[in-house]
């Protein structure tokens, strides 16, 4: 049972464009929603995270939008750069359950120069 | 980078052999986690620890055991490795509920 569904599986965007990755979750008890960035041969690195009492959070070129009623959240990468080419994972967890992360399947992003 | 070291980084072994992976942290974080990463599945939790000698199962715990005898070390053991356990294994650490998890660089395990 996949509790966090992520789309698309892959994405190609031109340099300077906007990358958008979407995630949907089922468990309404989730209360922490991080996004991770992973480069080949490396572990996932925390990019940005949001809690359900906030509808949007921005850090530099990265923005999370959160829709609690629709049980959906998304990552927007503005002004995409070739260095942003990586695999991105959304995840969700519950503080009351040991903060165990449930991950989406990942999105491979390629930014063309 | 968070002070997390996973060892070995790569290992090839045969079906039926025991395998132990080690995660060592220098951050003194209370929580430690083991995940496996497979194409199309993202990362899935195997086991986690919320303190010395305190562990619990994750989503895909069958065939795995863990031990944590001191804060800095979390061991993952495959008692009798099977080909389905070929994967990349990641360790993560966290200060506690509500805190971010930080990951090591993984162990690539191949079971032939």
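Read-outs throughout are calculated quantities, based only on the coordinates presented, and are distinct from any laboratory measurement. Computed from a predicted structure; not experimentally measured. Here Cβ is always computed from backbone atoms with ideal geometry, including for glycine, and neighbour counts include all displayed protein chains.
Under 13 Å from a label point 7 Å along Cα→Cβ of residue A:29: give me every residue in segment A:93-110 with its amide N that close.
Within reach of a label on residue A:29, which here means backbone N under 13 Å from a point 7 Å along Cα→Cβ, segment A:93-110 contributes A:93-100.
Counting partner chain Cβ atoms within 10 Å of every residue's Cβ in B:19-31, what's the average?
That works out to 0 on average.
Which residues in segment A:21-61 place their backbone N less than 11 Å from a point set 7 Å from the Cα of residue A:70 along the Cα-to-Cβ direction?
In segment A:21-61, the label zone of residue A:70 (backbone N under 11 Å from the point 7 Å along Cα→Cβ) covers A:22-24.
Using 0.36 nm times the number of residues separating residue B:56 and residue B:5, minus their current alpha carbon distance, what extension gain do you get?
That pair, residue B:56 and residue B:5, stretches by 16.2 nm at full extension.
Roughly how crowded by other chains is peptide A:29-38, in terms of the mean Cβ count from those chains within 10 Å of each of its Cβ atoms?
Across the residues of A:29-38, the mean count of other-chain Cβ atoms within 10 Å is 2.
Which order do the peptides B:58-64, B:101-107, A:53-59, A:29-35 come out in when sorted by mean C-beta neighbours inside 10 angstrom, highest first?
Final packing ranking: B:101-107, A:29-35, B:58-64, A:53-59.
Counting pairs of alpha carbon atoms under 8 Å apart in space and at least six apart in sequence, what relative contact order in percent does chain B give?
Worked out over chain B, it gives 36 percent.
Taking the DSSP beta bridges in chain B as the whole, what percent of them are antiparallel, to the nearest 5?
The antiparallel proportion sits near 90 percent.
Count, for each residue of A:90-99, the Cβ atoms from other chains sitting within 10 Å of its Cβ, then give me the mean as a whole number.
Mean partner shielding for this stretch: 4.
Considering only DSSP beta bridges where both residues belong to the protein assembly as shown, give the percentage that are antiparallel (nearest 5).
90 percent
Which length gain, in nm to one decimal place, applies between residue B:28 and residue B:71 when the Cα-Cα distance is subtracted from 0.36 nm times their residue separation?
14.8 nm
State the dimensionless ratio Rg/Rh of segment B:31-100 (Rg: radius of gyration of Cα atoms; Rh: Kirkwood radius).
0.96
How far is it, in nm, from the label point at residue A:5 to the one at residue B:82 when both lie 7 Å from their Cα along the line to the Cβ?
About 2.8 nm separates the two model spin labels.
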